[in-house]
Amino acid sequence: MKKDNCIFCKIANGDIPSKTIYEDEMFKVILDLGPATKGHALILPKEHADNLYELPEETAGAAMKLAKKLSVQMKDKLGADGFNLVQNNGEVAGQTVMHFHLHLIPRYQNDGQRIGWTPGEPTQEELEDIRQKIVG
Ligand code: AMP
Ligand code: ZN
């Protein structure tokens with residue numbers, strides 16, 4: 001289902017033009033308008049889901065399979081030295097468009113980007129506490 005006033009629904013279903021690099025029944029893959037690096041692209045499901053929590057399992061699996069295929073193709077064709085997959089859920093995690101999307105970000109030596117975090121230094125007890133919360 002499409003969602004009214006969702007920009008990625010409009011793009012994925014062809015109501016708004018985009019620089020498309022791949023399309024099938026389930027997905028459209030477009031170049032990001034504010035790219036981190038040359039070739040930064042977004043895998044957009046045609047069916048609306050706000051985020052990963054709402055995404056059907058089948059679509060999630062197919063998105064990762066497509067990411068694998070496109071990352072190899074883009075790495076070869078663009079001469080990338082590395083590749084990041086990024087997927088944000090929720091404003092606090094950096095999601096700005098509330099339609100699930102998977103970022104494909106080719107990386108180049110000295111591209112000036114930094115995608116990462118500051119590592120914490122948890123104790124074994126803290127790690128165990130978190131582990132129990134997740135599996136319990
Ligand atoms: P996120 O912060 O994970 O929600 O990512 C949203 C991404 O969508 C950003 O990288 C934006 O540059 C990109 N974006 C927003 N609007 C458009 C658009 N109309 N066409 C292509 N990319 C877009
Ligand atoms: Zn949508």
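The values are calculated or read from the model by the stated rules, or taken from the named source; none is laboratory data. These numbers come from a predicted model, not from an experiment. With ideal geometry, Cβ positions are generated from the backbone for all residues, glycine too; neighbour counts draw on all protein chains shown.
Brief remarks follow.
- Segment 79-129: number of residues that are modelled with pLDDT of 95 or more, closer than 30 Å to Lys10 by Cα and surrounded by fewer than 13 Cβ atoms within 10 Å (Cβ to Cβ): 6
- Asn84 within 15 Å of ligand 1 (Cβ to nearest atom) and more than 25 Å from Lys2 (Cα to Cα): yes
- Pairs meeting the criteria (first residue in segment 87-99 and at negative phi and of a type in the set (S, T, N, Q), second residue more than 16 Å from ligand 2 (Cβ to nearest atom) and in a loop (DSSP other than H, G, I, E, B), beta carbons under 9 Å, at least 6 apart or on different chains) are Asn88/Gly94.
- The numbered conditions (1) over 15 Å from the mean Cα position of the chain (by Cα); (2) surrounded by 12 or more Cβ atoms within 10 Å (Cβ to Cβ); (3) within 13 Å of ligand 1 (Cβ to nearest atom); (4) more than 21 Å from Gly90 (Cα to Cα) are all true for Ile7 except (4).
- Test: residue in segment 24-31 that is exposed (fewer than 15 other Cβ atoms within 10 Å of the Cβ) and either assigned to a helix (DSSP H, G or I) or more than 9 Å from ligand 1 (Cβ to nearest atom) (or both): yes
- Of all residues in segment 16-35, those that are in contact (Cβ under 8 Å) with a residue 24 or more places away in the chain have Cβ atoms under 6 Å from Cβ atoms of residues that are more than 16 Å from ligand 2 (Cβ to nearest atom) and assigned to a loop (DSSP other than H, G, I, E, B), 6 or more apart or on another chain, in Asp32/His40.
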